[in-house]
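The values are calculated or read from the model by the stated rules, or taken from the named source; none is laboratory data. Small disclaimer: the values here were computed from a predicted structure and weren't measured. With ideal geometry, Cβ positions are generated from the backbone for all residues, glycine too; neighbour counts draw on all protein chains shown.
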Amino acid sequence: MHWIVCPDQKSQAQACAAIIAAQVLQKPTSVLGFATGSSPLRTYAELIELKKRGVVSFSQVRTFNLDEYVGLPCDHPQSYCKFMWDNLFAGMDMGKDQARLPNGMAADLEAECCDYERAIEDAGGIDLQLLGIGHDGHIAFNEPGTEFSRFTHIETLNELTIEANQRFFAKREDVPKHALSMGVGSIMRARRILMTAYGKDKAKIIREAFLGPVTPQLSASILQFHSDCTIVLDRDAASALA
Ligand code: F6R
């Protein structure tokens, strides 16, 4: 694993954006895997900045997201689809057909999971997958106890995740209980992984996931076995490593 510890959140986001931009400069047709949540937000703003300055173009990339809530259409304010268009895609030079998220509105969710995996495969596989980490060590929506071999699947969200996501919804009852999520198996097939986290509240889980034993109870721990994984942290998130 390669570690990059940055003095603050700004330089952390710049480091992540630079790694993604370098990937696209080297291979303009890159297949990029993206995440939602607070961890990648500043990275997306930095990427839009790089695009404005003419440093990077997304005109030929294909993107796949880690996950999407079941039952929320793309125009729902809390859907991950809307999050991505609001925070990244609309600011880049790319069209709707270049970005795909699992469709949580599909009539047959099982079939959608299979189609999603096939679409990633047909695109040639993910060149670079960006990840955040949950407080319980989840990556995508792979909750503690997940099987490492799983591909895209329907996940039942646990109480901790529902609680963490509640801040975005008016009431707890509004938080979807299910999501379509890439599995650990899908994520591990990406050729490169870029994991990012900031803040003191992530320090403990970063230590447990990457310096502790590899266990399905902490799905991010499997990244210790990925052949090309870069972890970009701010000083606070790295504070329990020493
Ligand atoms: C988001 C995702 C989640 C988040 C994780 C951390 O697409 O798959 O695994 O990366 O929950 O969320 P934040 O960054 O909001 O702390």
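Data table
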quantity: Scan of region 216-242 for residues that are among the hydrophobic types (A, V, I, L, M, F, W, C) and outside any helix (DSSP H, G or I), ordered by number; calculated: Leu218, Cys229, Ile231, Val232, Leu233, Ala237, Ala238, Ala240, Leu241, Ala242
quantity: Unique residue being more than 16 Å from the ligand (Cβ to nearest atom) and modelled with pLDDT of 95 or more when the list is Met84, Met94; calculated: Met94
quantity: Qualifying position, being in contact (Cβ under 8 Å) with a residue 12 or more places away in the chain and either more than 15 Å from the ligand (Cβ to nearest atom) or at positive phi (or both), among Gly134, Gly124; calculated: Gly124
quantity: Subset of region 88-120 [within 18 Å of the chain's Cα centre (by Cα) and not hydrophobic (A, V, I, L, M, F, W, C)]; calculated: Gln98, Arg100, Pro102, Asn103, Gly104, Tyr116, Glu117
quantity: Test: residue in region 217-231 that is acidic (Asp, Glu), under 28 Å from Ala22 (Cα atoms) and either away from the ligand (no atom under 14 Å from the Cβ) or surrounded by fewer than 23 Cβ atoms within 10 Å (Cβ to Cβ) (or both); calculated: yes
quantity: Test: residue in region 61-80 that is part of a helix (DSSP H, G or I) and surrounded by 14 or more Cβ atoms within 10 Å (Cβ to Cβ); calculated: yes
quantity: Any hit, region 5-27, residues being crowded, with 21+ Cβ neighbours inside 10 Å, among the β-branched types (Val, Ile, Thr) and out of contact with any helix residue (DSSP H, G or I) (no Cβ under 7 Å at 6 or more places or on another chain); calculated: yes
quantity: So Val31, is it more than 16 Å from the ligand (Cβ to nearest atom), of a type in the set (A, V, I, L, M, F, W, C) and within 14 Å of the chain's Cα centre (by Cα); calculated: yes
quantity: Pairs, first part of a loop (DSSP other than H, G, I, E, B) and of a type in the set (A, V, I, L, M, F, W, C) in region 13-39, second at pLDDT 95 or above and within 16 Å of the ligand (Cβ to nearest atom), C-beta under 6 Å, six or more apart; calculated: Ala35/Leu66; Ala35/Leu130; Ala35/Leu131; Ala35/Gly132
quantity: Close pairs (6 angstrom Cβ cut-off, 6 or more residues apart or separate chains): away from the ligand (no atom under 15 Å from the Cβ) in region 46-74, at pLDDT 95 or above and part of a strand (DSSP E or B) anywhere; calculated: Val61/Leu32; Arg62/Val31
quantity: Residues of region 7-28 classified as within 16 Å of the ligand (Cβ to nearest atom) and more than 18 Å from the chain's Cα centre (by Cα), total; calculated: 0
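Each row is one residue, and each column tells you yes or no for (1) acidic (Asp, Glu); (2) farther than 17 Å from Thr36 by Cα; (3) within 13 Å of the ligand (Cβ to nearest atom); (4) touching a helix residue (DSSP H, G or I) at 6+ places or on another chain (Cβ under 8 Å).
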site	(1), (2), (3), (4)
Pro144	no, yes, yes, yes
Asn158	no, yes, yes, no
Asn165	no, no, yes, no
Lys171	no, yes, no, no
Met188	no, yes, no, yes
Leu194	no, no, yes, yes
